[in-house]
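Colleague: Pasting a structure here, questions to come.
The values are calculated or read from the model by the stated rules, or taken from the named source; none is laboratory data. Predicted, not measured: the structure shown is a model, and the values here were computed from it. So basically every Cβ, Gly included, is an ideal-geometry build from the backbone, and we count neighbours across all protein chains shown. With ligands, DNA and RNA removed, areas are computed over all heavy atoms of the protein, side chains included. Shrake-Rupley method; radii C 1.70, N 1.55, O 1.52, S 1.80 Å.
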Amino acid sequence: MLQSVIEEADSVFATAQSEEVLLHAKARFLGKAGSVAALMARMREIPPADRPGFGQAVNAAKDRVEALLQHNLLRLRAEARNRDLAGPFVDLTLPGRRAEAGAVHPLRLVERKMLAVFSEMGFEVALGPEVETDFHNFTALNFPPDHPARDMQDTFLTTDGRLLRTHTSPVQIRTMLANEPPIRIAAPGAVYRCDTLDMTHSPNFRQVEGLVIDRAVTMADLKGTLLRFTRGLFEKDLEIRLRPSFFPFTEPSVEVDVQCVFCGGSGCRVCKHSGWIEILGAGMVDPAVLASVGLDAEVFGGFAFGIGVERVAMLFYGVDDIRHFYENDHRFLSQFA
Ligand code: PHE
């Protein structure tokens, strides 16, 4: 009787193909309602004199069943391990795959820096549409009807008679039409020109425009603002230099050079040994522009300047080819993370 329970447990445990099945079988033999407990329950049927011997025999059978269980548990674990080892090889020493973190684009970093300096000086951000009218982009900015910049060579025209803005200066017009002076705005955004992409040109680049309109604004205010702006931007006490220039919407107009950010003015390859680098265009707002937005040039005046974001970013980070900014090569972009 005891022997048959042991033999049955042996064959049931030995055929179990998983730990789950084995533990289920365990309950059948060693559980409260299992075969071993049933054997113990038969104690009452045994004559009192034989009971100690019977008890010992049942306990021995129980030990045997437990040993069989343990044996088969180890058997199943060894089998599972052998299956793992026979499966595909996992090299735990290989480096893991890192999740790539996003980062702010270098052009945006430079644009933010410019806007931060403007903000310190009390300028507010103004935005305008990239698809513009000829009026806002050219006419109101005092471009004569035959000005070469209006030529299809330079300007992308849309089929509905509008155009892609060629500069951020139309935001000046929109701001002056919608607000009364005093005006102090910084207008960042994309601009478009029919240029071929090469090391230093792109048909789509970014500018930030500054505009101040108030009573009694002078060219000294322009120069002081530009000095403060360039020093804030480059975080260095660089000098600036104003050279006479021409824009239809400013009079007088200037090109602004900053002392070379690389050599500090002593001369190097980047500044072509001149010590200076041209970084922006500026000037006093032309009375014709004020008239086009209905401002009295006898009362109000101001200045404007426009700066290219790519050009400054190239100087800032020592990037020698503008195309790097547009190619989205992670090896390039991750350097700014
Ligand atoms: N709009 C000019 C350009 O695109 C830059 C500029 C802005 C010049 C404001 C003077 C004043 O080149």
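Colleague: Based on the Cα coordinates of segment 2-86, what is the per residue volume of their convex hull in Å³?
Modeller: Expressed per residue, the convex hull around the Cα atoms of segment 2-86 is 70 Å³.
Colleague: Can you tell me which of Leu94, Leu141, Leu85 moves the most in a GNM of the chain? Springs connect C-alpha atoms under 10 Å apart.
Modeller: Greatest mean-square fluctuation among the candidates belongs to Leu85.
Colleague: Once Lys and Arg get +1 and Asp and Glu get -1 on their Cβ, which of Ala220, Pro244, Thr93 lies farthest toward the positive end of the dipole of the chain?
Modeller: Checking the options against the dipole of the chain, the answer is Thr93.
Colleague: For segment 163-231, rounded, prolate or oblate, judged on the Cα gyration tensor with a ≥ b ≥ c (square roots of eigenvalues), a/c < 1.5 rounded, else prolate if a/b > b/c?
Modeller: Details: a/c = 3.44, a/b = 1.59, b/c = 2.16.
Oblate shape, in that a/c is at least 1.5 and b/c is the bigger or equal ratio.
Colleague: What do you get for GluC sites (Glu not before Pro) in segment 198-249 restricted to DSSP loop and a cutoff of at most 12 other Cβ within 10 Å of the site's Cβ?
Modeller: Listed in order of number, the matching sites are Glu235.
Colleague: Okay, next question. If a cysteine in the chain has no other Cys Cβ under 4.7 Å from its own Cβ, put it on the list, ordered by number.
Modeller: Cys with no partner Cβ under 4.7 Å: Cys194.
Colleague: Let me ask something else about it. How far, in degrees from 0 to 90, does helix 106-120 lean away from the longest principal axis of the Cα atoms of the chain, to the nearest 10?
Modeller: That helix lies at roughly 60 degrees to the long axis.
Colleague: What accessible area, in Å² to the nearest ten, does a 1.4 Å probe give for Met1?
Modeller: Looks like 110 Å² after rounding.
Colleague: Moving to a separate point now. Can you pull out the GluC sites (Glu not before Pro) in segment 59-127 whose DSSP state is coil and whose Cβ has at most 15 other Cβ atoms within 10 Å?
Modeller: Loop-located and lightly packed - Glu100.
Colleague: In whole percent, how big is the carbon plus sulfur part of the accessible area of segment 1-105, probe 1.4 Å, protein atoms only?
Modeller: Ligands and nucleic acids excluded, carbon and sulfur give 56 percent.
Colleague: Counting each DSSP H run of 4 or more residues in the chain as -39500 (n - 2.57), what helix-only mean residue ellipticity at 222 nm follows after dividing by all residues, to the nearest 500 deg cm²/dmol?
Modeller: -12500 deg cm²/dmol
Colleague: Rolling a 1.4 Å sphere over the protein heavy atoms, what is the accessible area per residue of the chain, to the nearest Å²?
Modeller: That works out to 57 Å² per residue.
Colleague: Mind pulling up the Rg/Rh value for segment 42-117? Radius of gyration and Kirkwood radius, both on Cα. It would help to have the intermediate numbers written out before the result.
Modeller: Numbers: Rg = 34.7 Å, Rh = 20.2 Å.
Here Rg/Rh amounts to 1.71.
Colleague: On C-alpha positions alone, give me the angle between the axis of helix 51-86 and the longest principal axis of the chain, in degrees, nearest 10.
Modeller: 30 degrees
Colleague: Please give every one of the lysines within straight-line cross-link reach of Lys62, meaning a C-alpha to C-alpha distance under 25 Å, and leave out same-chain neighbours fewer than 8 residues apart.
Modeller: Cα-Cα hits under 25 Å: Lys26, Lys32.
Colleague: Let me ask you something else. Among His71, Asn137, Thr168, flag the residue with its Cα farthest along the positive direction of the charge dipole of the chain, charges on Cβ as +1 for Lys/Arg and -1 for Asp/Glu.
Modeller: About the Cα centre, the residue reaching furthest to the positive side is His71.
Colleague: Could I ask something else about it? What chymotrypsin sites (Phe, Trp or Tyr not before Pro) in segment 69-149 are in a loop by DSSP, with at most 15 other Cβ atoms within 10 Å of the Cβ?
Modeller: Answer in residue order: Phe89.
Colleague: Taking only C-alpha pairs under 8 Å that are 6+ residues apart, what is the relative contact order of segment 106-336 in percent?
Modeller: Worked out over segment 106-336, it gives 21 percent.
Colleague: Over segment 137-185, what percent of the accessible surface lies on carbon and sulfur atoms, probe 1.4 Å?
Modeller: Carbon with sulfur: 51 percent of the solvent-accessible area.
Colleague: While we're on this one: Which three numbers, in whole Å and largest first, are the semi-axes of the equivalent ellipsoid of segment 224-337 derived from its Cα gyration tensor as √(5λ)?
Modeller: One finds semi-axes of 32, 18, 12 Å for segment 224-337.
Colleague: Per 5 Å bin from zero, what fraction in whole % of the C-alpha pairs of segment 125-198 is there, up to the bin with the longest pair?
Modeller: Each 5 Å bin holds this share of Cα pairs: 3, 16, 26, 25, 16, 9, 4, 1, 0.
Colleague: Can you list, bin by bin at 5 Å, the percent of alpha carbon pairs in segment 158-313, starting at 0?
Modeller: Spelled out per bin, shortest first, that is 2, 9, 17, 20, 19, 16, 10, 5, 3, 1, 0.
Colleague: Moving on to the next point. Tell me the relative contact order for segment 193-316 as a rounded percent, counting alpha carbon contacts under 8 Å between residues six or more apart. Display every interim value, and only then the final one.
Modeller: Numbers: 213 pairs, mean separation 38.0, N = 124.
It comes to 31 percent, rounded to a whole number.
Colleague: Of the residues Asn179, Asn137, Asn204, which exhibits the maximal mean-square fluctuation in a Gaussian network model of the chain defined by a 10 Å Cα contact cut-off?
Modeller: Asn179
Colleague: Could I ask something else about it? Return the Rg/Rh value of the chain, two decimal places, where both radii are evaluated on C-alpha atoms and Rh is the Kirkwood radius.
Modeller: When Rh is taken as the Kirkwood radius, the ratio is 1.58.
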